[in-house]
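What follows is one structure encoded as structure tokens, with my remarks underneath.
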Amino acid sequence: MENVIIIGAGGHAKVIADIVLRQGDRLLGFLDDSPNATGAYGIPVLGKVADYPLWPNARFLIGIGSAAVRQRFVNELRDIRWHTAIHPTAVISPLGTSIGEGTVVMANAVVNPGTTVGRHCILNTGSIVEHDNTIGDYVHISAGAKTAGTVTIGRNTWLGIGATVSNDLTVCPDCMIGAGTVVVKDIDAPGTYVGVPARRLE
Ligand SMILES: CC(C)(COP(=O)(O)OP(=O)(O)OC[C@H]1O[C@@H](n2cnc3c(N)ncnc32)[C@H](O)[C@@H]1OP(=O)(O)O)[C@@H](O)C(=O)NCCC(=O)NCCS
């Protein structure tokens, strides 16, 4: 059993709290810089983010949806031990998969064989990552979004809720793929893409 602290105390952090508790770990509380941050469900706010060295034996997760913010904390918070949270209903193949540290896999998410998921990613509720994918660091695959077989998603890219990426495609780093968007060709330039099929939003 690990002692776990979540950085952030908003809605996303609460979902992660639920996963940590379901994993059977001990959730010590949240760290949040907002003066208005309150705990939730009896779980306290322990202090500010900079207070993290006060718990040298804890493991930490970042409960913040923004990839840029997650990346900033990973760069700034030295000598910190990251936790990986996997909801007990998530299905992660044991065959050739790996899940990077700091990543959160939510309820009913599926990761199929041969897939590598990077560090500090979010595989949100009911997302499906098919076989032989490469998912870069800080990627967020929103609730119900899907990637077909042999897809590569570049670092920091966010697939919106219900988005789909068809098989054998690459989406480059730093893209926002809008809710419900269907990607049917490689995306080579960072930007926001929406619609069916995906088109770049100028
Ligand atoms: C893609 C997105 C970021 C664009 O937001 P935005 O830059 O504020 O864009 P706007 O809302 O101003 O929309 C600009 C245009 O794109 C269209 N558009 C926006 N999102 C779209 C989408 N997902 N699919 C199709 N068209 C979309 C709008 O209808 C609008 O078209 P118009 O100019 O013809 O009127 C946002 O719409 C989105 O999809 N966010 C994802 C949210 C999400 O998945 N959250 C999940 C949390 S788990």
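None of the figures in this text is laboratory data; all of them are computed from the coordinates on show. Since this is a predicted model, take the numbers as computed values, not measurements. All Cβ positions, glycine included, derive from the backbone under ideal geometry; neighbour counts span all protein chains shown.
When the Cα positions of A13, T164, T115 are compared along the charge dipole of the chain, A13 comes out farthest toward the positive end, with charges on each C-beta of Lys, Arg, Asp and Glu. Magnitude of the charge dipole for the stretch 3-76, about its Cα centre and with charges confined to Cβ atoms of Lys, Arg (+1) and Asp, Glu (-1), is about 140 debye. Straight-line cross-link reach from K48 at under 29 Å between alpha-carbon atoms covers these lysines, not counting any fewer than eight positions away in the same chain: K14.
With both residues required to sit in the stretch 3-76, DSSP beta bridges show an antiparallel share near 10%. Please report the base-10 log of the normalised intensity I(q)/I(0) for the chain, using a Debye sum with one equal scatterer per alpha carbon and no solvent, at each q in 0.13, 0.18 (1/Å). The calculated log intensity ratios at q = 0.13, 0.18 Å⁻¹ are -0.67, -1.16. For the stretch 85-191, a simple Cβ point-charge model (Lys and Arg +1, Asp and Glu -1, everything else neutral) yields a dipole of about 200 debye relative to the Cα centre. Protection proxy ranking of 35-44, 100-109, 115-124, 173-182, by the mean of other Cβ atoms within 10 Å over each peptide's residues and highest first, is 115-124, 100-109, 173-182, 35-44. For the stretch 85-191, the percent of C-alpha pairs falling in each 10 Å distance bin, counted from 0 to the bin holding the largest distance, reads 19, 58, 23, 1. Note on the chain: with charges restricted to the Cβ of Lys and Arg (+1) and Asp and Glu (-1), its dipole about the Cα centre is near 220 debye. Around the amide H of I86, modelled in the peptide plane, lie the amide H atoms of V105, all under 5 Å away and 5 or more residues distant in sequence or on another chain.
Whole-Hz Karplus values for the stretch 131-144 come out as 5, 6, 8, 10, 10, x, 4, 6, 5, 10, 9, 5, 3, x Hz, taken residue by residue from phi with 6.51 cos²θ - 1.76 cosθ + 1.60 and θ = phi - 60°; glycine and proline positions read x.
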